[in-house]
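Everything below concerns the one structure shown next.
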Amino acid sequence: MRILVTGGAGYVGGFTARWLQKAGHEITVLDDLSSGHRAAVEFGTLVVGDVGDAQTVRKLLADCRAEAVIHFAASVQVGESVEQPSLYWRNNVANTLTLLEGMIEAGIRRFVFSSSAATYGPSDSETLREDAPTDPQSPYGATKLTIERIAHDFARAYGLGFAALRYFNACGASPDGAHGEDHSPESHLIPRLLRASLEGGEKFRLFGDDWSTADGSCVRDYVHVDDLAAAHQATLLACRDGQGRVYNVGTGRGHSVLEVIRSVERVTGSPVPCETAPRREGDVARLVACPDRLRQELAWEPAWRDLDSMVETAWAWHQRHPDGYGD
Ligand code: UFG
């Protein structure tokens, strides 16, 4: 299939683009490189441009004769979205609308996009199914839920066939150490812990130790980025015109921040200097997926289940690339 991948120079986007290319698809990446990396686009064509620019989108969809679009390009930090909601509504919602309009005009109906576990509200359930109540606690989560709604409306009115993937916490790097996570600034837990464990590294700040969880720190479902890439492939092939489906992508196992700290200490062999800080706005106590829908409907299974193994891949990348992609 000829596939346009927006945000394909980013973390999950880059892994998915490489995964699909290896599976024989023809990939064109559209990325403005505001947070992505040229070196993350190993195969295919990279077009540097803005998903919010209708002319760029229209021309590119025609030039690459796309049959499907996988849409990653977005602003992705929960904390930042609380401080700068305008940026999030524009980059995530307005730009996606521009992209979808371009697709419909060009007759392209197949669409997979990055939604998020941040669409769910606080819940007492151990794991969240896709029909659990949504109640985003941050502008970031609200923008993702709004995009899901737009996609449903486009499915009904214009025949769009889509899958919305609600990622839980993407983590890890390629086992060969060639590709990994490189955000600037880095806000994510595992890379921050790895940096803190290095000599002279900045002390790790634990955002709240008084959450209603077993050890008082937040619980998340860490899913390896290669498993996320595989989920995109499975759902893309299953898209049917006029139908939309939401899928959780997680392992179904939760780990608290304190457990992740211990895992990082085991993997690196160094203690993580740590201090407790106030809760971060927009966080929730627990987010763990029930991934049964993806399992049962599309036979997706996470290949990575063990937290230490996932952290090991991140650590290998971090050691080989202390400055990330170096750009
Ligand atoms: N945390 C800290 N200190 C840090 C960084 C993180 O204590 O320096 C904690 C957070 O408070 C949270 C956990 O570690 O409890 C994980 O935080 P991340 O920032 O790594 O990830 P989030 O859970 O906030 O968000 C990620 C993605 C979102 C996605 C969400 C779904 O960034 O895009 O997972 O769970 F929506």
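The values are calculated or read from the model by the stated rules, or taken from the named source; none is laboratory data. Not measured: the values here are computed from a predicted model. Here the Cβ positions follow ideal geometry from the backbone for every residue, glycine too, while neighbour counts run over all protein chains shown. The accessibility values were calculated without ligands, DNA or RNA, using every heavy atom of the protein model including side chains. Shrake-Rupley method; radii C 1.70, N 1.55, O 1.52, S 1.80 Å.
Going through (1) open to solvent by 40 Å² or more (accessible area, probe 1.4 Å); (2) modelled with pLDDT of 95 or more one by one, Gly326 falls short only on (2).
Residue-wise test of (1) of a type in the set (S, T, N, Q); (2) within 22 Å of the chain's Cα centre (by Cα); (3) more than 10 Å from the ligand (Cβ to nearest atom).
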residue: Glu130; (1), (2), (3): no, yes, yes
residue: Asp153; (1), (2), (3): no, no, yes
residue: Arg166; (1), (2), (3): no, yes, no
residue: Ala173; (1), (2), (3): no, yes, yes
residue: Ser184; (1), (2), (3): yes, yes, yes
residue: Asp210; (1), (2), (3): no, no, yes
residue: Asp215; (1), (2), (3): no, no, yes
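Against the numbered list (1) part of a loop (DSSP other than H, G, I, E, B); (2) at pLDDT 95 or above; (3) within 16 Å of the ligand (Cβ to nearest atom); (4) more than 20 Å from the chain's Cα centre (by Cα), Gly252 comes up short only at (4). Among residues of the stretch 217-234 that are closer than 22 Å to Glu126 by Cβ and among the charged types (D, E, K, R), those with a Cβ under 6 angstrom from a residue that is outside any strand (DSSP E or B) and away from the ligand (no atom under 16 Å from the Cβ), sequence gap 6+ or separate chain, pair up as Asp227/Ala303; Asp227/Trp304. In a residue-by-residue description of the stretch 186-195, the property of being more than 11 Å from the ligand (Cβ to nearest atom) and in contact with a strand residue (DSSP E or B) (Cβ under 8 Å, 6 or more places away or on another chain) applies to no position. Checking each residue in the stretch 255-301 for being at positive phi and more than 10 Å from the ligand (Cβ to nearest atom) picks out Gly269, Ala299.
When Leu128 is tested against (1) at pLDDT below 95; (2) touching a strand residue (DSSP E or B) at 6+ places or on another chain (Cβ under 6 Å), just one condition goes unmet, and that condition is (1).
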